[in-house]
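To start, the structure itself, in structure tokens.
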Amino acid sequence: MDDSKVSELRKAVHQQLQKSGVQGVLHQLLLEYQRTGERVTPEDVLDVLQGRGVIDELVRSVRPPQPAVEALVQVSNVGPIKPAELPSGKTFLHVKLLGGRAFTDYTVRIPGHDEQLQLSLELFGQRFNTKPVTAAVEPAFAGEAFFQLPTGPGPADPLQLLAMRQGLHVVVMQLKPMAAAVDQKWDLGPGPASAVAAAAAAPEQIAGHLSVRRLVCALGTAEWRTALLRRRKVVVSVQLGAGPGGNGAIPASTAPAGMLMLQLEVRPSFSAALDESLLKSQQRMEHARDADVMATFVANAKAWWGDYVSQNLAFKSRPIKVLAVGEDGSQYPVCCFVRPLQLGRTLANAREVARFVSLFRRREDLVALPTGGQSEVAECWCMLHTILASGTATKEEMAVLLCSLLLGFGLDAWVVVGRLHDGTGHTWVMTRGPLASPCFWEPSTAVRYAITDVDTWPYQSVGCVFNHLRLYANSQCDDSAFGTSYVLEDASLWQELPMPPQELPAMPWSAIPLARSTILDPLELEAHLEARLRAAAAQHRRQVLGMDGATAWDDGLAQLLMPALAAYEHEAVSGEVAPGNDEFQQAIKRAVPLGWVFKAMPQHHSHVCVDLMRKAMLEEDQMLDILGATSSTASFALRVKVFAYPECLTSVWMMLAVKYSAVT
């Protein structure tokens, strides 16, 4: 900006301040401080202006009023309530969003027309998500939330709150549709399919809401304890760092992603505010403790590593993971990322937990949106809140999450670091049964491998295992996954590196109850997806294959496909063959006359994006073979089954079938 424009801008600001009377208020305020002899700081002036409503009035005079946003409260993830309904006897942190500033990504590129940003806040296991806003340099995040502070019975003690170092975790996500909007309208034709689609406004909205790719673009932590220093509202700015990219890496801390403005207030307020020196002293003590503990741990780990490799120089090449980089760019012992997790009632057993984890999209597979100012990168393991908010995870994060959830179900679970048969590094989970017999869990597929399944194991070797208490490095000459003994307590087989929580640097994070699925009626969503996929199949036959006439759909045959789809999900969860296969075979044989041909092909998707499902269907050779049936007696069937999981994760099975006479 040239000097003339800067001068014009300053003149306009000066005129606006005069017009709104801000200069008169400032003059009167300075006279008051001068009479009392108190030392005034810019922060004090801002607090007074904010308390008197001057800043809010100034903002309203500069820009048109935004639509009113109802204040929400998120108490233990139960649901929203109004501020007047705050329960008595409890203390809350009132957080008001004042928008984002200087999001550097959008200073170097223009956001797409369908690109949005969404903000998620978490404190002590309580979450608050804003509505998506248009992506911009200064995104208009808005909303209010009340987070209950974990105070004991009786009046809240500000000194007790001062000792709670977990920060207000902030995650900003870029939202883009999984598939580009399809302008062409599919002709559903007469019949039940068109009637279903005509009444599918609500399912279509749900499908559109879930068919969004979320990429973490900014992360940060707000020091909410600043609100303890004043009895009134306090405005803080939160510096956000760039989020993990498509390869699970986080940029260097020298590349800030943006800033978030928050207004904080403790309600009900305390009779007296804490002195700022107390907070600074507490922070210095926390940082000093972490530095001392980390220095001691690193020294012990180096000595441990020296002892380990002295046994055999070949051990140097084994995959041993002792430290990992967190979201803040600091290194932490890997045990800090694991803890027994019990996240509510939505997942009933360990196998459901494994299926749930496998449905997270792999962050490595996502195409990162263009970002600016990112050069050198380093590995990053994200927090639980980041994983849940984005619905994505790296293979390491999936293993850590699965191990934590299995520990919560009482299993002897360990994260395993090793190699696959092709030599690439990999991370998976092991649980131990009687006599230390291992059972391997593959986080990306939920497949369990017992000791009897050694022929199907994808794992070649094991370097180390760890959980929330200790790490063991494999010191056996045979480090193959099958040849290794998993009696971890045998010091001649495993080199232990103890990691008791009290001797590790603090990584404050809370268990977060899983949110129930937003799919309240899967049946309506299934009908909507079926109608769209039927139309796509008919269009392909008509336009690509040149088939004249309408495609005949057999709803009765489609009904018979449902047991197979339910069986597929049962097998994916339990790892066991589902009952009812004999009945399914009998029903198909009765529905297909003698001398007729029956073909069917299933597909699985972890999303409800109909455009991606259509694309996958028309790229599968066996699907195209079914659609290419030219017999005049051909009748088709298509059935979709949606299985809803917490955190908006879905498992969708689809089957396309055809039957026709073999006699032409």
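A compact table of results
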read-out: Residue list for region 536-559, restricted to those being hydrophobic (A, V, I, L, M, F, W, C) and under 14 Å from Ser635 (Cα atoms); value: Ala537, Ala538, Met547, Ala550, Ala552, Trp553, Leu557, Ala558
read-out: Top-ranked residue of region 157-186 - restricted to ones that are assigned to a loop (DSSP other than H, G, I, E, B) and touching a Cys at 6+ places or on another chain (Cβ under 6 Å), ranked as modelled with the lowest pLDDT; value: Ala179
read-out: Where a residue in region 107-132 is assigned by TED's automatic domain parsing to the domain that holds Gly258 and its partner, wherever it lies, is part of a loop (DSSP other than H, G, I, E, B) and of a type in the set (Lys, Arg), with Cβ under 8 Å and at least six apart; value: Gln118/Lys131
read-out: Residue match in region 514-524 (condition: β-branched (Val, Ile, Thr), part of a loop (DSSP other than H, G, I, E, B), out of contact with any Ser or Thr (no Cβ under 7 Å at 6 or more places or on another chain) and more than 21 Å from Leu347 (Cβ to Cβ)); value: no
read-out: Subset of region 458-500 [aromatic (Phe, Trp, Tyr) and under 23 Å from Val338 (Cα atoms)]; value: Tyr459, Phe466, Tyr472, Tyr486, Trp494
read-out: Matching entry among Arg432, Arg448, Arg470 (being of a type in the set (Lys, Arg), in contact with a helix residue (DSSP H, G or I) (Cβ under 8 Å, 6 or more places away or on another chain), in contact (Cβ under 8 Å) with a residue 12 or more places away in the chain and crowded, with 17+ Cβ neighbours inside 10 Å); value: Arg448
read-out: Only one of Gln539, Gln543 that is in contact (Cβ under 8 Å) with a residue 40 or more places away in the chain and out of contact with any Ser or Thr (no Cβ under 7 Å at 6 or more places or on another chain); value: Gln539
read-out: Leu612 being outside any strand (DSSP E or B), of a type in the set (A, V, I, L, M) and without any contact (Cβ under 8 Å) to a residue 24 or more places away in the chain; value: no
read-out: Yes/no for Trp381 being at pLDDT below 95, in the same structural domain as Val353 (by TED's automatic domain parsing) and closer than 13 Å to Phe466 by Cβ; value: yes
read-out: Given (1) within 36 Å of the chain's Cα centre (by Cα); (2) part of a loop (DSSP other than H, G, I, E, B); (3) of a type in the set (A, V, I, L, M, F, W, C), index of the condition Ala536 fails; value: (2)
read-out: Cβ pairs under 9 Å, 6+ apart, first in region 397-409 and under 12 Å from His468 (Cβ atoms) and touching a residue at least 12 places away in the same chain (Cβ under 8 Å), second in a helix (DSSP H, G or I) and of a type in the set (A, V, I, L, M, F, W, C); value: Val400/Val334; Val400/Phe337; Ser404/Phe337; Ser404/Leu384; Leu406/Ala350; Leu406/Val353; Leu406/Ala354; Gly408/Val353
read-out: The lone exception for Ala567 - which of (1) under 17 Å from Ala600 (Cα atoms); (2) in contact with a Lys or Arg (Cβ under 7 Å, 6 or more places away or on another chain) it fails; value: (2)
read-out: Condition broken by Asp478, with the remaining ones in (1) buried (at least 17 other Cβ atoms within 10 Å of the Cβ); (2) free of Cβ contacts under 8 Å to residues at least 60 places away in the same chain; (3) charged (D, E, K, R) satisfied; value: (1)
read-out: Test: residue in region 416-429 that is of a type in the set (S, T, N, Q), out of contact with any His (no Cβ under 8 Å at 6 or more places or on another chain) and surrounded by 13 or more Cβ atoms within 10 Å (Cβ to Cβ); value: yes
read-out: Top-ranked residue in region 550-578 [being free of Cβ contacts under 8 Å to residues at least 12 places away in the same chain and assigned to a loop (DSSP other than H, G, I, E, B); ranked as nearest to Trp441 (Cα to Cα)]; value: Glu576
read-out: Qualifying position, being in a helix (DSSP H, G or I) and either modelled with pLDDT under 95 or surrounded by fewer than 22 Cβ atoms within 10 Å (Cβ to Cβ) (or both), among Ala368, Ala399, Ala389; value: Ala389
read-out: Number of the exception - Gly189 against (1) modelled with pLDDT of 90 or more; (2) not in a helix (DSSP H, G or I); value: (1)
read-out: The listed residue being in contact (Cβ under 8 Å) with a residue 24 or more places away in the chain, within 30 Å of Met294 (Cβ to Cβ) and within 27 Å of the chain's Cα centre (by Cα), out of Pro443, Pro500, Pro513, Pro522; value: Pro443
read-out: Candidates Val597, Val640, filtered to the one that is outside any loop (DSSP other than H, G, I, E, B) and in contact with a Ser or Thr (Cβ under 8 Å, 6 or more places away or on another chain); value: Val597
read-out: Residue satisfying all of: in region 110-130; more than 18 Å from Met259 (Cα to Cα) and among the charged types (D, E, K, R); farthest from the chain's Cα centre (by Cα) among these; value: Asp114
read-out: Some residue of region 109-132 being more than 24 Å from Leu228 (Cβ to Cβ), β-branched (Val, Ile, Thr) and modelled with pLDDT of 80 or more; value: yes
read-out: Every residue from region 332-342 that is assigned to a loop (DSSP other than H, G, I, E, B) and hydrophobic (A, V, I, L, M, F, W, C); value: Val338, Leu341
read-out: Members of region 391-412 that are under 16 Å from Tyr459 (Cβ atoms) and in contact with a helix residue (DSSP H, G or I) (Cβ under 8 Å, 6 or more places away or on another chain); value: Lys395, Met398, Leu402
read-out: Those residues of region 227-248 which are surrounded by fewer than 17 Cβ atoms within 10 Å (Cβ to Cβ), at pLDDT 55 or above and either of a type in the set (Asp, Glu) or more than 30 Å from Asp275 (Cβ to Cβ) (or both), in sequence order; value: none
read-out: Candidates Met178, Met164, Met173 - the one that is surrounded by fewer than 20 Cβ atoms within 10 Å (Cβ to Cβ), over 24 Å from Leu274 (Cα atoms) and either polar (S, T, N, Q) or touching a residue at least 24 places away in the same chain (Cβ under 8 Å) (or both); value: Met178
read-out: Strands (runs of 3 or more DSSP E) contained entirely in region 249-331, each with at least 1 residues that are at pLDDT below 90 and either surrounded by 16 or more Cβ atoms within 10 Å (Cβ to Cβ) or touching a Phe, Trp or Tyr at 6+ places or on another chain (Cβ under 6 Å) (or both); value: 249-251, 256-267
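Let's see how each residue does on (1) in contact with a strand residue (DSSP E or B) (Cβ under 9 Å, 6 or more places away or on another chain); (2) closer than 21 Å to Val640 by Cβ; (3) loosely packed, with under 13 Cβ neighbours inside 10 Å:
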| position | (1), (2), (3) |
| --- | --- |
| Gln539 | no, yes, no |
| Thr551 | yes, yes, no |
| Asp554 | yes, yes, no |
| Leu561 | yes, yes, no |
| Leu565 | yes, yes, no |
| Glu569 | yes, yes, no |
| Val577 | no, no, yes |
| Gly580 | no, yes, no |
| Gln585 | no, no, yes |
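The values are calculated or read from the model by the stated rules, or taken from the named source; none is laboratory data. Everything numeric in this text was worked out from a predicted model, so none of it was measured. No Cβ is skipped: glycine too gets one built from the backbone with ideal geometry, and neighbour counts run over all protein chains shown.
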